[in-house]
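The values are calculated or read from the model by the stated rules, or taken from the named source; none is laboratory data. None of these values were measured; they are calculated from a predicted model. Here the Cβ is made from the backbone with ideal geometry for all residues, glycine too, and neighbour counts use every protein chain on show.
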Amino acid sequence: MLEILQNNWLLFLVGQYPHGPIGGLAMTLFMASISLALCFPFAIGLALARLSPYRWLRLPATAIVHTVRGLPLIMFIFWTYFFSPLVIGRAVGGVETLVIALVIYEAAYLSEIIRAGIEGLPKGQVEAATSLGLRYWPTTIKVVLPQALHNMLPSMVSQFVSTIKETSLGYVISAHELTFAAAQVNNVLLTQPFEVYGILALTYFALCFALTSLARFIERRISGDRGGTPGVTIAA
Amino acid sequence: MIRFENVDKWFGTLQVLADVSGEVRRGEVKVLVGPSGSGKSTLIRTVTRLEKIQSGRVSVDGADVAARGLDINRLRQRIGFVFQAYNLFPHLTALGNITLGLTKLRGLSKAAARERAMEELARVGLTGKAHEMPGLLSGGQRQRVAIARSLAMDPEVMLFDEPTSALDPEMVGEVLAAMKRLAAGGMTMICVTHEVGFAREVADEIWFMQAGRVIERGRPAELGDKATHPRLGAFLRKVEQSLGS
């Protein structure tokens, strides 16, 4: 196992870079981060729409969230893979495909986390802002979201962890990420799949476990400095 | 200035306000007392449309607060509201709690808002706590910041919804003192409170509510008269006894 790692660590870490496309762990982290960052505005929009008093906003947003949550991620990957070239008019690479699919998919999940964060705030917060005379947007931007997002930070880290794991599905559309790198190594060595995929498993585990621990740490900090009201962690 | 006319409100099938009428004139201090669930808080919450009413009319300076054309947010800027649970914004400092409305609603510059906020903090004796987060303040200090936050908007009326009920006894005094100063300064106030001493000292009139109705009203001086105010007097004595014990 160590020998495999010694000979292939660079491939695991950054793929074929600099002789080919960047990949490996670096690409996995990049795709997970960029997907979460890009889906963030959509997730906030969906969450606010779901909590809206207006039916014409609430119903479509609810439908979107339920639809996305009711379908497996691999379907979105296939859809994006086969349909986005038709829409855009050119071939779309594996990484772009995966990021687009992840943004759609994660937006739905993240919006539920944000919605829970908003609903978890004491009613008095909005009432106090309203009583000052603040309208919907200043109240949302200055009072509701800063608190909701802060309280939901542990859940968001958990969501990042599940996103990291989900990027491994990029393998099926040849997105050059960590699992793809492991498969390449395996194809070269041919006889040591257990060791190669063992390294893969350990890498994912180390990364995800570290992040989950971080989430727990943040959660303790939050419940400490705001005097109670621990953030709700939604299991990934 | 504030007028309630035959106000009815239901929560589902439960009637929480029943045919409430009354008027609060400019500069007056009304104190609402009564058992919990009698509709006191709900009544003052109707003034800024935190609660909608099903029938009747609540008006401020003659303007119906339920009217469609009314700019409710502008009205709310003129009416300060102090909550039992303080409802300070926990992610902002004491100062930040006060400057938020000033910069967002009054269009003050950051520096001007800060200066104005410091004046209000000084008035409630909390200059030294300007940069503390609410979580690190005591209950009494939080409530005083909340009062300062409302006062910074230069309201014409202040509504107090049991401002001392969540406080430890030793902190009640500091909040009541701030309210007394406000009353002495001529502020129009409606206070929901169980502080009988405060009511006797500051109120122009005490309204006694029960089951959604204002069943007796009286000036503090008249309360000894059992013939005219039997239930209100009895209630106040009971509250005083339970607090004294």
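Quick notes on this structure:
- Looking across region B:176-214, the residues that are among the acidic types (Asp, Glu) and outside any loop (DSSP other than H, G, I, E, B) come down to B:Glu201, B:Glu205.
- Checked against the criterion of being under 30 Å from A:Phe83 (Cα atoms) and among the β-branched types (Val, Ile, Thr), the candidates A:Val188, A:Val161 yield just one match: A:Val161.
- Conditions (1) modelled with pLDDT under 95; (2) away from chain B (no Cβ under 14 Å): number failed by A:His150: (2)
- The single condition from (1) within 14 Å of another protein chain (Cβ to nearest Cβ); (2) without any contact (Cβ under 8 Å) to a residue 40 or more places away in the chain that B:Arg68 fails is (1).
- If the condition is being closer than 15 Å to A:Ala182 by Cβ and in contact with a strand residue (DSSP E or B) (Cβ under 9 Å, 6 or more places away or on another chain), then region A:1-21 contributes A:Val14, A:Gly15, A:Gln16.
- B:Val175 passes every criterion in (1) in contact with a Lys or Arg (Cβ under 7 Å, 6 or more places away or on another chain); (2) surrounded by fewer than 22 Cβ atoms within 10 Å (Cβ to Cβ); (3) not polar (S, T, N, Q) apart from (2).
- Residue within region A:85-105 that is in a helix (DSSP H, G or I), under 20 Å from A:Ile34 (Cβ atoms) and in contact with a Gly (Cβ under 7 Å, 6 or more places away or on another chain) present: yes
- Considering only residues in region B:83-99 that are over 21 Å from the mean Cα position of the chain (by Cα) and aliphatic (A, V, I, L, M), the one that is farthest from the other protein chains (Cβ to nearest Cβ) turns out to be B:Leu95.
- Selection status of B:Gly80, more than 19 Å from A:Gln147 (Cα to Cα) and away from every other protein chain (no Cβ under 14 Å): no
- Residue within region B:131-151 that is buried (at least 21 other Cβ atoms within 10 Å of the Cβ), in a loop (DSSP other than H, G, I, E, B) and in contact with a helix residue (DSSP H, G or I) (Cβ under 6 Å, 6 or more places away or on another chain) present: no
- Subset of region A:180-199 [touching a residue at least 24 places away in the same chain (Cβ under 8 Å) and buried (at least 17 other Cβ atoms within 10 Å of the Cβ)]: A:Phe180, A:Ala181, A:Ala182, A:Gln184, A:Val185, A:Glu195, A:Val196, A:Ile199
- Considering (1) surrounded by fewer than 24 Cβ atoms within 10 Å (Cβ to Cβ); (2) hydroxyl-bearing (Ser, Thr, Tyr); (3) within 14 Å of chain B (Cβ to nearest Cβ), the lone condition that A:Tyr171 does not fulfil carries the number (3).
- Hits in region B:1-45 (condition: part of a loop (DSSP other than H, G, I, E, B), under 25 Å from B:Leu236 (Cα atoms) and of a type in the set (Lys, Arg)): B:Arg25
- Hey, A:Leu121 assigned to a loop (DSSP other than H, G, I, E, B), touching a residue at least 24 places away in the same chain (Cβ under 8 Å), more than 9 Å from every other protein chain (Cβ to nearest Cβ) and not acidic (Asp, Glu) or not: yes
- Cβ-Cβ distances below 7 Å connect the following pairs, each with a first residue in region B:115-130 that is of a type in the set (Ser, Thr, Tyr), a second residue that is surrounded by 14 or more Cβ atoms within 10 Å (Cβ to Cβ), and a separation of six or more residues or different chains: B:Thr127/B:Met118; B:Thr127/B:Leu121.
- All of B:Arg45, B:Arg78 fail the test of being surrounded by fewer than 18 Cβ atoms within 10 Å (Cβ to Cβ) and closer than 17 Å to A:Ala129 by Cα, apart from B:Arg78.
- Considered as a group, the residues in region A:1-27 that are in a loop (DSSP other than H, G, I, E, B) and not aromatic (Phe, Trp, Tyr) include one that is surrounded by the most Cβ atoms within 10 Å (Cβ to Cβ), and that residue is A:Gly23.
- Candidates A:Ile77, A:Ile44 - the one that is more than 21 Å from A:Glu177 (Cβ to Cβ) and β-branched (Val, Ile, Thr): A:Ile44
- Any chance B:Ala166 is more than 12 Å from the chain's Cα centre (by Cα) and within 14 Å of chain A (Cβ to nearest Cβ): yes
- Among the residues of region A:124-135, the one identified as buried (at least 23 other Cβ atoms within 10 Å of the Cβ) and either closer than 19 Å to A:Leu153 by Cα or more than 7 Å from chain B (Cβ to nearest Cβ) (or both) is A:Ala129.
- Test: residue in region B:100-110 that is surrounded by 19 or more Cβ atoms within 10 Å (Cβ to Cβ) and more than 13 Å from chain A (Cβ to nearest Cβ): no
- Residues that are surrounded by fewer than 22 Cβ atoms within 10 Å (Cβ to Cβ) and in contact (Cβ under 8 Å) with a residue 40 or more places away in the chain, drawn from region B:5-23: B:Glu5, B:Asn6, B:Asp8, B:Trp10, B:Gln15, B:Val16, B:Ala18, B:Asp19, B:Ser21, B:Gly22
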